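This report concerns only the one structure given below.
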């Protein structure tokens, strides 16, 4: 669960003043003959480039019984290729003064580096090599599986809050794979082997399934030429992999998930609603949900914070978050931490009151405008980071949106009306279909 | 959910006084060359035979995204074959004074007829024909899908109690397919077509995957000869279909599922624990759970009934049920209907008390003996019905047990100790991992 008490964590790329703010030209998008998408984000402010490859598959595309394979393969992608033994790529990036990382989410897996722009071609050669020449032996796969199991033990199995999040997600998604943790279920990770990893790699790591994103002081023509000379040499497959995900049935019951553990020192409350994502929403609906999250729980002037923390002193923190970037229907979180001597039941009832009040009363025009301005402004500030900018485009494209969607986002946010926010609250904040999570000490 | 307020609903076949009580020889089990299992249950009391074919696949074997296909195919099995047009088989059974039916469960699908013993060979010819010669056209598949959708509307979508059961099962099984309703999710049933049905039929309806059960005044030799002449002509496939089911991760959180609907007139409470089945349990453990269910909730002298209905008058009914027949880990239900003016929260707390009391105090020896005697006696009485007898063997074999397991059951029940019941209660009735369901009016 990503929680954010600020509106800054918008989940869609803003393209305010595209180009000029970064001292560059417009963002370009094209496709190589082998299907690879190429996005160039000119950014003349520093002599650094951000180079990312996004694969349009994440944990929600893990085959049944193989949960965790997307994330496991992300680890294995650092294990060397036919041309470069393990460590050579990472060592090179470090020697050239760069940074690298990778991440796996429900809907995508991505690899990125930041480096001086003169080294872009080198990175592209290495990353393209890794797209088609990965070498995997049992000698590297088996110990790496232990690394992942240890990662799971550290992050989830020894952390009651993470355990509750897993149980809440599983309750929210009874059928759809968003109910399965990105890292996978322990007993399924244990059974993953070299063949599983290679099958997965061969199925998903293809140019038709990838998006190259380059941000930096470099022009579209140069990037496209370099991409052709590197990634462009990888042959296309017969057809790109399909995302075949089971869809969630309608829910009719509220589910309260309670995790009580002696390790819990600070109780916590969360409520999650299943809502449309930017990809699945009707026009304007996702923007209304984004605005609603900000008005309800985006910082110290939000409805939840004012009511629970400032006025009633039932909570020490409270917020809301809309996880809008998702291929399928997604999550809207409301969360709070109770003040000392306040029970989770009391807090839960108070949260019901705040949400009901929000639905019952007209949306305040000034509050609405403040939220929209803040969301768009935060997005503009975030453009200061070249890596954030590249990541936003990647996340949007990897979840089924377009560069045009990204660039139209500020205007669509400005167009959100009080009626749209009220309608979103009425329609989607329906407790009868939601999941509530209680984290409490034993 | 199958709920039973009596201990009679034992979920495993008892074989008390095997043979003699029925005036017949011992139950026999063999396998034809093509893999078909043949079980003969001699029963000389009437000139009637029960003829059943069990397929070792149920809704839990539905391919991902095709929920409901096992049940849908059960409907389609009545649509005619290359040799017998639709209706001919059923008409014949009726003309011969017989009865027929079919049922789909999580772990199996079965077809059966009861008929005068002189007609057994005819039934076997028709049923064997249906095992390999099914004809399906869009003209029969599409309208039958509408029949199934209507069945779902009637049974589930317009019944809040059934909706709650679906949500409770989905919460209990976040990953394993027991969390998916046998009839399927509506949106997936809608997408099932002729190809799906044929693929499924070709995969699962094979002699290696089937069990023939014949009970009646007929000997093993005759049945085996007839089976060879009918089912025995169906060629074996390369290998029997595998049950590849994802397994459930461990649960650490209690889940309360609340369904509030204006159609609810009588509130209800249920709590479900995930427990081992006869197939997955350690030796003696399933029998202890069976006994525990009887002591806790089997009739008017059980702990739940006495405490909630008789003494505290908080409930008008209360019981417990162990669904022991299952390939994978299964369900132990505790359920109660509140008395007027008693809230579900009050009832829930009282149920906690009863369960905690049961765990805290020594198991009463007289109560234990009464439960065991009753379970075994009920099983003996149930042998009076030839169809029940045949069904018990079928259910046991289709969920991975053997004829010997069935016949040893009464002795294993007699061997259940107070310590074993107490240990089962302590280990498995752990609310922290359970699901509670509240059905309440809006």
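The values are calculated or read from the model by the stated rules, or taken from the named source; none is laboratory data. Just so it is clear, the structure is predicted and the values come from calculations on it, not from any experiment. Reconstructed Cβ throughout: ideal geometry from the backbone, glycine too, with neighbour counts over all protein chains shown.
Answer yes if at least one residue in region B:295-312 is more than 23 Å from residue B:420 (Cβ to Cβ), crowded, with 24+ Cβ neighbours inside 10 Å and touching a strand residue (DSSP E or B) at 6+ places or on another chain (Cβ under 7 Å), and no otherwise. So far as region B:295-312 goes, yes, one or more of its residues are more than 23 Å from residue B:420 (Cβ to Cβ), crowded, with 24+ Cβ neighbours inside 10 Å and touching a strand residue (DSSP E or B) at 6+ places or on another chain (Cβ under 7 Å).
Each residue in region A:180-192 was checked for being within 8 Å of chain B (Cβ to nearest Cβ) and out of contact with any helix residue (DSSP H, G or I) (no Cβ under 8 Å at 6 or more places or on another chain), and 3 pass.
Taken as a whole, the condition of being touching a strand residue (DSSP E or B) at 6+ places or on another chain (Cβ under 7 Å) and closer than 30 Å to residue B:37 by Cα applies to residue B:403. Does residue A:346 meet the test of being touching a strand residue (DSSP E or B) at 6+ places or on another chain (Cβ under 8 Å) and at pLDDT below 95? So residue A:346 fails the test. Among the residues of region A:48-80, write down those that are crowded, with 24+ Cβ neighbours inside 10 Å, within 14 Å of chain B (Cβ to nearest Cβ) and assigned to a loop (DSSP other than H, G, I, E, B). Correct list: A:62, A:67, A:68. Counting only strands (runs of 3 or more DSSP E) that sit wholly inside region B:193-283, those with at least 2 residues that are within 14 Å of chain A (Cβ to nearest Cβ) are B:254-261, B:268-275. A residue that is under 30 Å from residue B:264 (Cβ atoms) and crowded, with 21+ Cβ neighbours inside 10 Å can be found somewhere in region B:189-212. Only residues that are surrounded by fewer than 21 Cβ atoms within 10 Å (Cβ to Cβ), in a helix (DSSP H, G or I) and touching a strand residue (DSSP E or B) at 6+ places or on another chain (Cβ under 8 Å): list them for region B:131-145, please. B:140, the sole residue that qualifies. Entry remark, region B:300-329: residues being assigned to a loop (DSSP other than H, G, I, E, B), touching a helix residue (DSSP H, G or I) at 6+ places or on another chain (Cβ under 9 Å) and more than 26 Å from residue B:279 (Cα to Cα) number 5 in total. If you go through region B:406-427 and keep only what is surrounded by 19 or more Cβ atoms within 10 Å (Cβ to Cβ) and in contact with a helix residue (DSSP H, G or I) (Cβ under 7 Å, 6 or more places away or on another chain), you end up with B:406, B:410, B:413, B:416, B:420, B:421, B:424, B:425. Of the numbered conditions (1) crowded, with 17+ Cβ neighbours inside 10 Å; (2) part of a loop (DSSP other than H, G, I, E, B); (3) under 20 Å from the mean Cα position of the chain (by Cα), residue B:394 fails exactly one; give the number of that condition. Here residue B:394 clears every test but (2). Looking across region B:149-179, the residues that are within 7 Å of chain A (Cβ to nearest Cβ) and not in a helix (DSSP H, G or I) come down to B:174, B:175. The number of residues in region B:62-93 that are within 18 Å of residue B:108 (Cβ to Cβ) and in contact (Cβ under 8 Å) with a residue 40 or more places away in the chain comes to 13.
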